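Here, each number is a calculation from the coordinates, and none is a lab measurement. The shown structure was predicted, so the numbers you read here are calculated from the model rather than taken from an experiment. Virtual Cβ from ideal backbone geometry, glycine too; neighbours counted across all protein chains shown.
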């Protein structure tokens, strides 16, 4: 008998992200490089060596719309595939920040900075929904 997934953390009372009929597009971030990846109109990162060496706990994760289309709250779902544990995080649109380019000028994009809690090992699927954009990022820890 399959056990219902447990909820790891709620930061705000929210509904799970809407999933399109054909599913949320998913990117294997193990092959995406060190900085970040794009899927379904959403960008997220950093991934790569930093995320894999995390071994659980609090990890930095920024998300952004691709391209930024205006203010909307970001909903992040972190799903630990092996255990079925799910955690939801909400990033408030008012808390976005503008990163700087290498020359110190403001970038054209706004990001939603923050952290998520990751399991010690296994596979995670991170689904990010911002407005009508929704993308999935799969990682092996």
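Annotations for the structure displayed:
- Taking 0.36 nm per residue of separation and subtracting the Cα-Cα distance, full extension of the segment from residue 92 to residue 73 would add 6.4 nm.
- Averaged over residues, the count of other Cβ atoms within 10 Å places the peptides 129-139, 100-110, 51-61 in the sequence 129-139, 51-61, 100-110, highest first.
- Ranked packing of 37-50, 112-125, most packed first, by mean Cβ within 10 Å: 37-50, 112-125
- One decimal place: the segment residue 50-residue 35 gains 4.4 nm when fully extended, by the rule 0.36 nm per residue minus the C-alpha distance.
- Residue 26 versus residue 140: modelled label distance in nm, points set 7 Å from Cα along the beta carbon direction: 1.4
- Contact order, relative form, for the stretch 23-140: 34 percent (alpha carbon pairs under 8 Å, 6 or more residues apart, mean separation divided by residue count).
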